[in-house]
Amino acid sequence: MTATAIFTGRNLWRIFFTVTSLAIALVSMRFLALGMATAFPNMLHHIRAEIPLFYVHVVTGPLALVLAPLQFSKKIRAKMPAVHRWIGRTYCLCVLAGGIAGLVMAVNSTEGFFAQSGFFILAVLWLSMTGLALTKARQRKFVEHRKWMIRSVAMTFGAVTLRIELPILMVAGTSFEVAYSIVAWSSWALNLAVVEYYFRRSSPRVSVPA
């Protein structure tokens with residue numbers, strides 16, 4: 001494969017997806033070196049109120065981000081199907097733990113109802129879509145499994161989208177409180193809209209006879 005082929009189209013998107021997922025996962029784990037208070041100064045209310053749940057969320061969320069690109073590896077899926085399945089199971093466990101913790105954290109958010117509801121719905125969709133992906137895999141409906149897993153990963157990738165959108169909004173002059181409320185919805189809704197558009201564009205069109 002030539003360098004031009006690598007950096008075009010779908011390959012370019014895969015590179016962006018993999019690099020940003022790994023980068024945000026590493027940044028999210030900065031509390032291991034800096035401590036919780038220094039790493040997450042804007043989340044101190046969560047740290048004080050629900051220390052175990054916050055730890056669960058900031059550990060399992062980044063791990064899901066690391067595992068997500070591996071799930072879409074054609075080489076692993078074709079040559080090491082058992083590895084693919086175990087990566088998938090670990091990803092689902094991370095989503096289960098991180099999603100439940102996210103539900104509780106969303107309810108206890110101090111940024112108001114708009115932010116609370118955005119993150120709460122994100123957690124519900126994250127859990128539901130991942131559960132459906134797992135169910136379809138167990139039923140051996142692999143086309144549907146892949147679609148639901150892509151939707152699940154779109155929710156996981158919300159962690160990346162949020163960290164891109166939030167500084168842009170703040171540089172544009174939006175206060176942290178307002179920007180945080182906006183990204184509580186836009187960080188995952190944008191990803192889901194892109195995925196559904198991709199499904200619509202890639203699905204075969206059925207011609208209707210005149």
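Here are some notes:
- Rel. contact order, % - alpha carbon contacts under 8 angstrom, at least six apart, segment 8-200: 18
- Taking 17 Å as the straight-line reach from the Cα of LYS147, the lysines in range (excluding those fewer than 8 positions away in the same chain) are LYS74, LYS136.
- Residue exposure proxy: ILE76, ILE150, ordered by other Cβ atoms within 10 angstrom of their Cβ from fewest to most, comes out as ILE76, ILE150.
Laboratory data are not the source of any read-out in this text; all were calculated from the coordinates shown. Everything numeric in this text was worked out from a predicted model, so none of it was measured. Glycine also receives a Cβ, built like all others from the backbone with ideal geometry; neighbour counts cover every protein chain displayed.
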